[in-house]
Amino acid sequence: TLSDRLADTFKNLRGKGRLSEADIDATAREIRIALLEADVALPVVREFVAAVKERARGAEVSQALNPAQQVVKIVNDELVTILGGETRRLRYAKTGPTVIMLAGLQGAGKTTLAAKLALWLKEQGKSPLLVACDLQRPNAVNQLQVNGGRVGVPVFAPEPGNGVGDPVAVARASVEEAKRTLHDVVIVDTAGRLGVDADMMKQAADIRDAVQPDEVLFVVDAMIGQDAVTTAQAFLDGVGYDGVVLTKLDGDARGGAALSIVSLTGKPVIFASNGEKMTDFDLFHPDRMAGRILDMGDMLTLIEQAEKAFDADEAAKAAEKVASGDFTLDDFLQQMQQLRKLGSMSKLMGMLPGMGQFREQLANFDEREIDRIQAIIQSMTPGERADPKIIDGSRRSRIARGAGRTVSDVNQLIDRFGEAARMMRQLASGGGMPGMPGAPG
Ligand code: GDP
Ligand code: MG
């Protein structure tokens, strides 16, 4: 999987934490392979990889994640963004019945989807009417009637006097029927061919013109992989559509078609169909599809946990240092920064067990104080930070000048650090919770 391969790429990078240009290039190669394996179209792969490289370059180095995890997260975020972020909702007509028209190749799953969508709409409190406009295939009308029966939704089918043999007339009549019988959604199933075909496109376009749908949905089989792009483009040119439905996601297709279609057409995927049962249907979830395309298994869950565990991890490390007696000014600064993070989360922290004791400190927390401390510590040499005892008078005035503070500010900080270190040693030897020393203010 991509995460395994990235972990290999970054084998020698543990603890280094910063991505070099060479690392980014190696990463880009792995992402490219993963996307091609998922059947994403080549031009889309190129564009996507370029975008990810750009983001990896500009990314702030994560404290919580190793480089492989960080890249996977960037790739995933980018995928979710392109696939649509939040799921797009169906648009309903302001007055009169909402007309949804389905278009796509034969075998894409339109007739099955029509009934699934009808059931889903029924569950949303709508009263749908199915319309059989595939008069091409001998059994098509019957198939829709069987499916309609399974979900308890009536089917408007051509009868004598009802436009037999003319799908455009049937479609037009169905909207009138829906108004008469108070159905608020009309789902128009149409004919497809095995390949893109001018007659089929013209018929679909004629139906579209006759009923002016609120939504034209392009239905596409996720298993057709690379062909999805040409088909999607042909239907966009020939009929036009507002949204996409991916079907047969219960198969082993990795879902690259979703990324290709969305990238090339700019149309959102709205629904996902994943099985033969009428309930095998859901709104499309970009995050799930991203995981599927990258085949990342539990990687993303791990990443989330790592980000959450970061604070706890740092605290544990600090405790170790205190116990072994090498708590430095750098550690002190890090704890201050940690405390600032907590400060902005003080409400939340107050609710966590064990954090109540810090509530007062957190409430009185002054962020600018941390900035002053940071400026002073950063004006020190690494040697001074590691062993503050060497900071004599001349060093103190040099540090004060560098930080734009007074010598007395520097003195105060060093005193406070000594105090904090002493307190922490006590806590550590007493077995109490070492934690955040010397909160300012
Ligand atoms: P249409 O020609 O576009 O109307 O496609 P159909 O609805 O007739 O579906 C073609 C075949 O695909 C049928 O055998 C369906 O049972 C099957 N099918 C449709 N949707 C799905 C799906 O989500 N998963 C699976 N496994 N099969 C599906
Ligand atoms: Mg059909």
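Every number here is computed from the coordinates shown, using simple stated rules; none is lab data. In this text the structure is predicted, and so the values were computed from the model without any measurement. Cβ placement follows ideal geometry from the backbone for every residue including glycine, while neighbour counts extend to all protein chains displayed.
Show me the ranking of peptides 381-392, 37-48 by mean Cβ neighbours inside 10 Å, starting with the highest.
Working: 381-392: 13.5, 37-48: 18.8.
So the peptides 381-392, 37-48, ranked by packing, come out 37-48, 381-392.
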Task: Beta bridge orientation in segment 98-287: antiparallel %, DSSP, nearest 5 - done: 10 percent
Task: Segments 228-235, 82-89 sorted - mean Cβ within 10 Å per residue, highest first - done: 228-235, 82-89
TODO: Would you mind pulling out the separation of the Cα centroids of segment 278-293 and segment 116-178, in Å?
DONE: 26 Å
Open item on the list: Using amide H atoms built in the peptide plane, which far-off residues or other-chain residues are under 5 Å from Leu129 H to H?
Closed with: Val185, Val186, Ile187
TODO: Add +1 for every Lys or Arg and -1 for every Asp or Glu among the other residues with Cβ under 11 Å from the Cβ of Val131, and state the total.
DONE: -2
